[in-house]
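Written below as structure tokens is the structure these notes are about.
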Amino acid sequence: MTDRNDAPSRRSLLSMIGVVAGSAAMYHAMTELGFAGESTFTGPPKLGAPPPGTSVLVLGAGIAGMVAAMELRDAGYKVQVLEYNGRAGGRNWSLYGGDTYTELGGFTQKVGFDPGQYINPGPWRLPYHHQGILHYVNRLNVALEPFTQVNYNAYVHSTTAFGGKPVRYREVQADFYGHVSELLSKSTKQGALDQAVSKQDQEILLAALKNWGALDGDYKYATGLEAGERRGYVKDPGGGLNSMPIAGKAIALPELLQSGLWTAIGAGLAYDMQSAIFQPKGGMGMIGKAFGKALEPLIQYSCKVVDIHQDEKGVTATYIDSEKGGTRKTATADWCVCTIPASVLSQIPMNVGAPMKAAINQLPYMAATKVGLQMKRRFWEEDDQIYGGQSYTDQPNTMIGYPMWDYFSKGKGVLLGAYNFGTPAFIAAAKPPEERIKDALEYGSKIHPQYKDEFECGVAVAWHRVPWTLGCAGFWTEESRAAHYDDLCAIDGRIVLAGEHASRIPAWQEGAVTSAVDAITRLHKKVMS
Amino acid sequence: MKRFAIAALLTTLAAAPALADSAGPAPKPAARGAAAISGFMAHFPFEGGQAVYEGVCQGCHMPGAVGAVGAGAYPALAKDENLETGAYPVLLILKGQKAMPGFSMQLDDKQIADVVNYVRTHFGNHYSDKVSVDDVKAMR
Ligand SMILES: Cc1cc2nc3c(=O)[nH]c(=O)nc-3n(C[C@H](O)[C@H](O)[C@H](O)COP(=O)(O)OP(=O)(O)OC[C@H]3O[C@@H](n4cnc5c(N)ncnc54)[C@H](O)[C@@H]3O)c2cc1C
């Protein structure tokens with residue numbers, strides 16, 4: 001790329017912007033590839049009554065298992081659910097003060113948070129178009145509140161830019177839009193776009209660029225009050241005397257491009273990240289709890305399924321007590337909806353055909369870590385005027401999430417001190433929980449020096465160490481989907497799989513819901529045929 | 001090689017934005033220090049078999065390579081007769097198997113050879129024949 005010391009030529013600048021534009025396009029393409037995003041949910045399934053006495057065994061009481069159980073029960077099936085944990089919800093889970101969590105390897109954490117404080121180690125947001133999960137949230141009367149995805153006053157931070165000092169999101173976004181629209185205006189006026197844009201449309205384009213980038217009358221992104229209306233001021237306008245605003249100085253384009261901070265300003269662009277987004281009041285785990293209560297007599301907890309066998313007559317699951325082990329027991333039904341994550345299921349003997357086996361066995365699970373940090377006071381609100389949303393950093397914690405409830409309360413607050421995937425999450429998983437917390441404190445204090453004085457206690461969840469998922473979510477690629485996805489979803493004899501992993505909305509609860517609805521709809525059809 | 005790695009990275013990243021918030025790490029060849037390991041598919045910064053084991057493998061196989069059991073399990077690599085053939089762990093690390101992801105993009109040939117040689121001679125394993133960097137390269 002450009003030499004850091006030389007002012008980049010216009011041509012190299014444009015090619016860099018090409019990289020930026022390209023990365024947005026690439027991101028878009030990736031989004032398309034990885035998951036369609038759009039939910040297929042058009043309402044709960046209308047199954048109709050099965051032959052009297054028809055039974056279904058549901059394995060796993062996560063969102064997928066409980067959607068399946070609830071709809072099958074409502075349709076008139078005899079339903080039994082076996083769940084490894086002593087609670088309902090699976091990855092739908094919140095950790096509160098007083099909770100104890102033991103990860104694989106026996107590392108036990110006692111959550112020291114105050115009453116009312118919590119962290120969502122897994123899912124934390126519900127986009128408005130995830131109408132499937134929102135349907136069940138409403139049906140179960142779980143209260144929602146807004147989730148802030150983009151906070152313009154939060155920070156973006158790079159260890160190698162601006163002397164490691166964090167910059168406000170709004171400044172980076174305003175300056176990036178401003179510089180790019182100035183460049184494009186210049187190109188337009190110099191005739192560089194004559195081939196692509198008609199003379200008449202060029203006038204409109206110029207007006208749009210001026211508007212989009214907050215340019216001045218000369219189509220310049222100048223340091224001035226126009227820019228201040230977007231990026232904020234050094235001193236805000238006020239009332240009475242001495243009320244004149246003072247505009248800040250825009251970050252120069254080369255510095256801005258080289259900082260890499262422009263990567264952070266796409267935070268709310270993706271379809272899944274667009275407002276409105278919601279979170280359950282009191283923690284994401286409220287959904288799982290409410291589901292569990294609604295299905296009370298059907299779910300049998302602390303049952304570790306160790307074998308799944310089908311024959312012409314039905315399906316038998318063999319299970320042992322999750323904690324105590326001991327005697328093997330069995331549960332039998334005519335049909336089975338298995339929502340055990342593929343990572344775990346790959347280790348359970350199950351007589352299905354080779355295509356489904358191969359599909360289960362080829363799906364690795366992603367690494368992810370979250371760290372919750374309780375602070376004595378809400379300094380991000382009191383000192384930095386940050387109310388909810390996230391700050392982004394190029395350090396391994398990748399972000400700091402601010403609590404999106406109890407704003408302005410005088411008391412404590414729990415920050416999401418780290419939320420990462422891939423390499424930094426693998427590295428975090430290899431450390432004991434205390435060290436993950438220590439790291440998160442170290443990284444976070446580069447952005448909020450207040451950490452050092454205000455930290456009280458924390459909890460760290462590395463998803464590869466979670467005993468009942470062995471990872472965050474199924475890690476599909478375009479190739480693996482083409483080769484195996486249909487085989488994973490197809491009914492094999494009396495067994496159908498469901499869950500986040502059997503969806504094209506991976507790592508979202510909407511995937512678990514739509515997968516369950518689709519699986520039981522097909523299963524019911526088979527029962528009736 | 002570079003080009004392949006990047007192309008592969010793009011396809012494998014596909015699932016990440018479902019949770020990640022930004023378009024991913026900036027194309028900053030000069031990422032240094034802590035930032036160098038923040039990327040989804042960033043190279044693991046560990047040198048030597050023990051460092052790779054403790055920095056990556058023990059996340060699942062646990063300190064002391066004793067493995068762990070919950071609803072699912074991670075096998076112990078201690079006193080593991082399956083390690084007799086050096087090619088077996090190399091293949092697993094490159095391609096993955098069931099719940100073990102492949103690490104071909106995040107570990108280089110030397111790191112893989114080193115960690116395989118380390119595991120095969122520690123934790124009660126005594127397989128002294130060495131896997132070479134070229135052996136790993138040939139299996140990619
Ligand atoms: C870090 C992270 C962030 C996420 N962010 C979001 C988000 O913001 N929004 C969103 O909507 N989604 C998010 N998700 C994804 C969401 O959590 C999942 O897609 C969804 O919860 C999966 O539901 P499921 O029913 O398919 O699987 P699970 O919830 O995993 O349910 C499977 C159940 O099977 C049980 N089980 C496993 N093995 C056995 C066994 N041998 N015997 C009996 N039972 C067994 C498990 O205990 C579990 O209860 C996130 C996930 C993670 C990890």
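The values are calculated or read from the model by the stated rules, or taken from the named source; none is laboratory data. Just so it is clear, the model here is predicted, and its values are computed rather than measured. Every residue, glycine among them, receives a Cβ derived from its backbone with ideal geometry; neighbour counts consider all protein chains shown.
Having 2 or more residues that are under 16 Å from the mean Cα position of the chain (by Cα) and within 24 Å of residue B:65 (Cα to Cα) is the bar; report the strands (runs of 3 or more DSSP E) wholly within region A:397-516 that clear it.
On the way: elements: A:399-401, A:413-421, A:455-462, A:495-497.
The strands (runs of 3 or more DSSP E) meeting that bar are A:455-462.
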Tally up the residues in region B:114-136 that are within 20 Å of residue B:43 (Cα to Cα) and crowded, with 22+ Cβ neighbours inside 10 Å, please.
4
Given the conditions (1) more than 9 Å from chain B (Cβ to nearest Cβ); (2) in contact with a Lys or Arg (Cβ under 9 Å, 6 or more places away or on another chain), which single one is not true for residue A:449?
(2)
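Looking at region A:492-500, can you tell me whether even one residue there is within 14 Å of chain B (Cβ to nearest Cβ) and in contact (Cβ under 8 Å) with a residue 40 or more places away in the chain? I'd like the intermediate steps shown before the answer.
Here is the first cut: in region A:492-500, the ones within 14 Å of chain B (Cβ to nearest Cβ) are A:499-500.
Then drop every residue that is not in contact (Cβ under 8 Å) with a residue 40 or more places away in the chain, which leaves A:499-500.
Taking every residue of region A:492-500 in turn, at least one turns out to be within 14 Å of chain B (Cβ to nearest Cβ) and in contact (Cβ under 8 Å) with a residue 40 or more places away in the chain.
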Residue list for region A:87-102, restricted to those being of a type outside the set (Val, Ile, Thr), closer than 24 Å to residue A:472 by Cβ and either more than 16 Å from the ligand (Cβ to nearest atom) or out of contact with any strand residue (DSSP E or B) (no Cβ under 7 Å at 6 or more places or on another chain) (or both):
A:87, A:93, A:96, A:99
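Give the residues of region A:82-110 that are in contact with a helix residue (DSSP H, G or I) (Cβ under 6 Å, 6 or more places away or on another chain) and either within 23 Å of residue A:342 (Cβ to Cβ) or basic (Lys, Arg) (or both), sorted by residue number.
Applying the first criterion (in contact with a helix residue (DSSP H, G or I) (Cβ under 6 Å, 6 or more places away or on another chain)) to region A:82-110 yields A:88-89, A:92-94, A:103-104, A:107, A:109.
Correct list: A:88, A:89, A:92, A:93, A:103, A:104.
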Which members of region A:141-161 meet the condition of being under 30 Å from residue A:286 (Cβ atoms) and within 13 Å of another protein chain (Cβ to nearest Cβ)?
A:147, A:148, A:149, A:150, A:151, A:154
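Residue by residue, here is whether (1) within 14 Å of the ligand (Cβ to nearest atom); (2) within 14 Å of another protein chain (Cβ to nearest Cβ); (3) assigned to a helix (DSSP H, G or I); (4) at pLDDT 95 or above holds:
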position	(1), (2), (3), (4)
A:47	no, no, no, yes
A:53	no, no, no, yes
A:72	no, no, yes, yes
A:79	no, no, no, yes
A:85	yes, yes, no, yes
A:105	no, yes, no, yes
A:116	no, no, no, no
When residues of region B:113-137 are limited to those that are touching a Leu at 6+ places or on another chain (Cβ under 7 Å) and part of a helix (DSSP H, G or I), the one farthest from the other protein chains (Cβ to nearest Cβ):
B:120
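Could you count how many residues in region A:129-140 are assigned to a loop (DSSP other than H, G, I, E, B) and within 16 Å of residue A:284 (Cβ to Cβ)?
In the first step, residues of region A:129-140 are kept if they are assigned to a loop (DSSP other than H, G, I, E, B); the result is A:129-130, A:140.
Now restrict to residues that are within 16 Å of residue A:284 (Cβ to Cβ): A:130, A:140.
So the answer is 2.
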If a residue must be within 12 Å of the ligand (Cβ to nearest atom) and over 21 Å from residue A:135 (Cα atoms), how many such residues does region A:476-529 contain?
1
In region A:331-388, which helices (runs of 4 or more DSSP H) lie fully inside it and hold 3 or more residues that are more than 10 Å from the ligand (Cβ to nearest atom)?
A:354-361, A:379-382
